[in-house]
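The values are calculated or read from the model by the stated rules, or taken from the named source; none is laboratory data. Keep in mind that what you see is a predicted model, and the values were worked out from it rather than measured. All Cβ positions, glycine included, derive from the backbone under ideal geometry; neighbour counts span all protein chains shown. Just the protein is used for accessible areas: all its heavy atoms, side chains included, with ligands, DNA and RNA removed. Shrake-Rupley method; radii C 1.70, N 1.55, O 1.52, S 1.80 Å.
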Amino acid sequence: MNKTITVIPGDGIGQEVVAGAVNVLEIVEKKFHHQFHFTNALAGGSALDAVGVPLPEETLKSCRASDAVLLGAVGGPKWDNNPPHLKPEQALLGLRKNLGLYANIRPAKIYSALINASTLKREIIEGADIVVVRELTGGIYFGTPRGIGTKNGEQSATNTLTYSESEVRRIAKSAFDIARKRRKKVCSVDKANILETSQLWRKTIVDAAKEYPDISLSHMYVDNCAMQLIRNPRQFDVIVTENMFGDILSDEAAMLTGSIGMLASASLGGTVALYEPVHGSAPDIAGQNKANPIATIASVAMMLRFSFDLQHEADAIEAAIEKVLDNGFRTSDIATEGNALVGTKEMTEKICAAILS
Ligand code: IPM
Ligand code: MG
């Protein structure tokens, strides 16, 4: 197989974890006789520094010409005081919107070796296996009008939450399709007791479910879901929810796994998909060989699975991650007593060796 991948390391630890994930892809190339062509592109703070905008047209062009996109993370204190349109985060929103990536898939799976790294008790999280399907190109992140102005002699700010039926219908289908390959349970999360957008959301989800009689659908208010995720995470299979609820709940789901450094994601829906770790650029540990590369390496496994249909190769990466964890190797974010503490590079090397073994 011959594929072109746009690689956007971004900022902070993005550089290190993406380097690790590219190493893993090179090992997969070698072992399974594929050819991956990597094109590097700029986004976020590093793009601001180099060319003055967070998302250069060049980068979008490269993504559109690729078979998949791998992204590290964007952001950092250096750009925190930039005006809104010149913040690194705009690169992420721009990529999602311009590439039409409306379906964000965030699996939170508990690795048995990591149960002790979670802040929750073993009996609560053992066996938990959840996929959060987050709507990614609509809702309050993108609604207009928005902005900061003056009203009645004081500052006043506005954001707008809008969803159309078609936006809800397509993300519902994504969630149902994913659930079909799993335990066939979808929990739709909303705030339908208060918000009209949620009322339309719920009605549309119920309607879309008619085409999926094999799926068992339930509904939950977002506040209750936040509680249920830590009370009894095993009750969930697929959670489908709108953009901002999904942002919050996926971070919460990530902590079940012990560290946000473990959580991979895929953003689908357009002609090219984007894969990235759920964590951010972690400027406090950037450049110190401390970051956990597993989320990005697991994102690459998702790329092989979803974009290239290389199931066997994806399995090999996931099995290698599991094996290295079983052997006791840990980056500092997931370390508990008795583990062998390793850095980003060493963790990557262990996973590469496990793929080849
Ligand atoms: C995420 C992040 C982004 C989001 C930020 C960095 C714009 O938190 O991918 O979850 O809010 O979507
Ligand atoms: Mg987030």
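Side notes on the structure shown:
- Picking from residues in segment 252-284 that are near ligand 1 (Cβ under 10 Å from one of its atoms) and more than 21 Å from L120 (Cβ to Cβ), the one that is surrounded by the fewest Cβ atoms within 10 Å (Cβ to Cβ) is G280.
- Checklist (1) of a type outside the set (G, A, S); (2) crowded, with 21+ Cβ neighbours inside 10 Å; (3) more than 30 Å from F236 (Cβ to Cβ) applied to L71, failing item: (3)
- Check on L304, in a helix (DSSP H, G or I), buried (at least 24 other Cβ atoms within 10 Å of the Cβ), touching a residue at least 24 places away in the same chain (Cβ under 8 Å) and under 19 Å from the mean Cα position of the chain (by Cα): yes
- Residues that are buried (at least 16 other Cβ atoms within 10 Å of the Cβ), touching a residue at least 60 places away in the same chain (Cβ under 8 Å) and β-branched (V, I, T), drawn from segment 315-353: I317, I321, T331, I334, T344, T348, I351
- Test: A91 is open to solvent by less than 60 Å² (accessible area, probe 1.4 Å) and more than 21 Å from G45 (Cα to Cα): no
- Close pairs from segment 1-20: first of a type in the set (K, R), partner in a strand (DSSP E or B), Cβ under 9 Å, at least 6 apart: K3/Q35; K3/F36; K3/H37; K3/A68
- Residues of segment 219-251 classified as more than 14 Å from ligand 1 (Cβ to nearest atom), open to solvent by 50 Å² or more (accessible area, probe 1.4 Å) and of a type in the set (A, V, I, L, M), total: 2
- Condition met for A179 (more than 19 Å from the chain's Cα centre (by Cα) and closer than 27 Å to N232 by Cβ): no
- Of all residues in segment 267-301, those satisfying the criterion of being of a type in the set (V, I, T), outside any helix (DSSP H, G or I) and more than 13 Å from the chain's Cα centre (by Cα) are T271, V272.
- The set of residues in segment 157-185 being of a type in the set (F, W, Y) and either loosely packed, with under 14 Cβ neighbours inside 10 Å or not assigned by TED's automatic domain parsing to the domain that holds G143 (or both) is empty.
- Helices (runs of 4 or more DSSP H) contained entirely in segment 167-256, each with at least 1 residues that are more than 16 Å from ligand 2 (Cβ to nearest atom): 196-208, 222-231
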